[in-house]
2 protein chains.
Amino acid sequence: MKRTKATAKEKFAHIRVAFQGELGAFSQQAIRQFLGPKAEPVPQERFDLMFAALERGDVDAAAVPIENTLHGSVHANYDLLLKYDFAITAETSVRIVHNLIAPPGMTFRQVRTVFSHEVALNQCLDFFARYPRIRREPFYDTAGSVKMVMAERPEGGAAIASELAAQIYGGNILKRGIEDDRQNYTRFFLLEPAGSPARTPPRPARKPSNASVWKTSLVFSTRNIPGALFRALSALALRDLNLVKIESRPLRGKPWEYLFYLDLIGRPDEEAVHNALGHLREVADFLRVLGSYRAA
Amino acid sequence: MKRTKATAKEKFAHIRVAFQGELGAFSQQAIRQFLGPKAEPVPQERFDLMFAALERGDVDAAAVPIENTLHGSVHANYDLLLKYDFAITAETSVRIVHNLIAPPGMTFRQVRTVFSHEVALNQCLDFFARYPRIRREPFYDTAGSVKMVMAERPEGGAAIASELAAQIYGGNILKRGIEDDRQNYTRFFLLEPAGSPARTPPRPARKPSNASVWKTSLVFSTRNIPGALFRALSALALRDLNLVKIESRPLRGKPWEYLFYLDLIGRPDEEAVHNALGHLREVADFLRVLGSYRAA
């Protein structure tokens, strides 16, 4: 008999997972996608505090936004990945759907002011253009704006946030999906202490389907010589490995030199990837594998 | 007889150059390095407004910060480079030196609160650790914080900003170079309308020195196939061209696909660069040369 997903997830019910933001943040949705609804989300005010909580062992894992299809990479988190020595054990992609949320009983016609994080407000410009009577008011957090309108009930006040935030704080969704661009996704990494026994669902047994596509993430720096990046990428290309993301970050202490973060398709225990990593080690000044995980 | 630099610069005295921030910003220092002290700096509140001012012809050029050695690329400006069709005609690098500035007559021992942009405050942590009696107060702009302490004279209030800001607003430098990391540089591009006769100093005649090193900046997207980036970079590597910077940005409307911004050493009128651009055009979906300029 096939074991159901739910059974596997129950095993991980007591995992505590740090995320940045208030309860109801899109990061909490990522935690649900990673580990089911029973994993305990642990809010943190800033990204660096989320990493520090995992380092101290206050939490078992962290759900870290790494890139968004409209805004690009979350560079602060790339830098923190290098600063700490955690392993990326999973990735997931959350569709960013913005909803207009108000206290129960309030109608759409009564809405006068909409609170939300500035980024979310700026992703709903068509909505605000259509309803010029509605004023935008920047707030520090999307989910936090729902919490506030529910607690303080400002006259004509509503919020823009996730459906999860509406559920958590008892808000009523007046309009769903008011974002301008539906191709708005955020990709998250699940981080766990490196070397510790993985607390997340283990690798599935061999499956010949798409579910068995794996990614490996790594970071390296090259020697400062012409063609260095090309040589590094040749370690992958000569083995027909598919590079799906490259991100550069400044190298501290060496002005105008860079670190490169790569995601490739494959697992280090596959021969081509194993050999590519060996080759890359030869041509790079520094190399670290950040993790290997099933592609979302 | 050799024409002096000053003579060349006088020719450009009436150039109006947009920059982001208040008078005295590090961007104004970049304008001086580009065009001498007589070019007129035109402050703009935001990066997008600086580009819009150039588009309307309100200014002749714009000085755009593109990367910092500690914080990495200014991604918003990479995106704006693509949105508008300007040419990069020069680059320069400004050493970021933070100074403690107060109204004349005030002594260091009287300083109780220091105002500045949060990024600047966070770059002077050693200073604040050494003087725990001094409180940090985030302000919207570095130069703006000098303007404010000079105008409002808050009790015990000083600011952190550039030497230029101290000069402009008549502030007194109490301590010079209080930044933690001296390898703090920001690289700027000078942008001018594409196709218009260059208003900036023209190319120097052939010089066999380092002064004749040129860079070319371009942006391209690859087809979404394995090895696409490697193939694109091979157009450079096979011609021994030196890639000095690569930056990726999300491609709007195509989740998880990317645009790449490259800087290479060379000029499009050199044979190797000309051929590399032709080769790149073959393998890229899209390619635009953003400009060619003397390396700083």
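We did not get these values from a lab; they are worked out from the coordinates using the rules stated. Just so you know, these numbers come straight off a predicted model, no measurement behind them. Backbone-built Cβ (ideal geometry, glycine too); neighbour counts: all protein chains shown.
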Checklist outcome for this item: Counting only residues 5 or more apart in sequence or on a different chain, those whose built amide H sits under 5 Å from that of B:G177 are B:H98, B:N99, B:L100
Checklist entry - Taking the Cα centre of the protein assembly as shown as the origin and placing charges on Cβ (Lys, Arg +1; Asp, Glu -1), which of B:A237, B:N184, B:A165 is farthest toward the positive end of the dipole? => result B:A237
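Tell me, in nm to one decimal, what length is gained between A:T107 and A:R56 on full extension, where the rule is 0.36 nm per residue of separation less the Cα-Cα distance? Don't skip to the end; give the middle numbers.
Values: separation 51, 0.36 × 51 = 18.36 nm, distance 4.61 nm.
Residue separation times 0.36 nm, minus the Cα-Cα distance, leaves 13.8 nm.
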Item to check | Reference-scaled alpha-carbon Rg (2.2 N^0.38 Å with N residues) for segment B:29-178 | outcome: 1.15
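Per DSSP helix of 4 or more residues, -39500 (n - 2.57); summed, then divided by the residues of chain A. What does that give at 222 nm, rounded to the nearest 500?
Working: 10 runs with 87 residues, N = 296.
Rounded to the nearest 500, the figure is -8000 deg cm²/dmol.
Under the definition of Cα pairs under 8 Å and six or more residues apart, what whole-number percent is the relative contact order of chain B? Display every interim value, and only then the final one.
Numbers: 614 pairs, mean separation 62.3, N = 296.
About 21 percent, as a whole number.
Just for the protein assembly as shown, what percent of DSSP beta bridges are antiparallel, to the closest 5?
Working: 92 of 123 bridges.
Approximately 75 percent, going by the DSSP bridge assignments.
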Next on the checklist: Cross-link candidates for A:K147: which aspartates and glutamates have Cα within less than 12 Å, leaving aside residues fewer than 8 places away along the same chain?
Outcome noted: A:E22
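Relative contact order for segment A:212-294: what percent, with Cα pairs under 8 Å and sequence separation of 6 or more?
49
Return the loop-located chymotrypsin sites (Phe, Trp or Tyr not before Pro) in segment B:105-177 (DSSP other than H, G, I, E, B) with at most 14 other Cβ atoms within 10 Å of their own Cβ; answer none if there are none. Kindly include the intermediate steps, with their values, before the conclusion.
On the way: sites: B:F108, B:F115, B:F127, B:F128, B:F139, B:Y140, B:Y169; in loops: B:F139, B:Y140.
Here the sparse-neighbourhood loop sites are B:Y140.
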Checklist entry - What average number of partner chain Cβ atoms lie no more than 10 Å from the Cβ of the residues making up A:227-234? => result 6
Next on the checklist: Defining a contact as two alpha carbons under 8 Å apart and six or more residues distant in sequence, what relative contact order in percent does segment A:99-175 show?
Outcome noted: 49
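Loop-only check: which trypsin sites (Lys or Arg not before Pro) in segment B:30-113 are DSSP coil with at most 14 other Cβ within 10 angstrom? Write out the running numbers ahead of the final one.
Values: sites: B:R32, B:K38, B:R46, B:R56, B:K83, B:R95, B:R109, B:R112; in loops: B:K38, B:R46, B:R112.
When the trypsin sites (Lys or Arg not before Pro) of segment B:30-113 are filtered for loop state and at most 14 Cβ neighbours within 10 Å, B:K38, B:R46, B:R112 remain.
With N set to the number of residues, divide the alpha-carbon radius of gyration of segment A:215-292 by 2.2 N^0.38 Å and report two decimals. Walk me through the numbers on the way to the answer.
Numbers: Rg = 11.8 Å, N = 78, 2.2 N^0.38 = 11.5 Å.
The value comes to 1.03.
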Checklist outcome for this item: Percent antiparallel among DSSP beta bridges confined to chain B, nearest 5, equals 75
Item to check | Per-selection metrics, segment A:99-175 (Cα): Rg and Dmax in Å | outcome: 10.7, 29
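Please report, in debye to the nearest 20, how large the charge dipole of the protein assembly as shown is about its Cα centre when each Lys and Arg carries +1 at its beta carbon and each Asp and Glu carries -1 there. List each step's numbers first, then the result.
Numbers: 80 positive and 64 negative charges, 68 e Å.
My answer is approximately 320 debye.
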Item to check | Average beta-carbon neighbours from other chains, 10 Å sphere, peptide B:239-247 | outcome: 4
Checklist entry - Taking chain B as a Gaussian network, where each spring joins two C-alpha atoms under 10 Å apart, which residue of B:Q28, B:Q20, B:Q183 fluctuates the most? => result B:Q183
Item to check | Computed over chain B, Cα set: Rg, Dmax in Å | outcome: 21.4, 66
Item to check | Spread of Cα-to-Cα distances over 20 Å intervals beginning at zero, given as percent, for the protein assembly as shown | outcome: 17, 48, 32, 3, 0
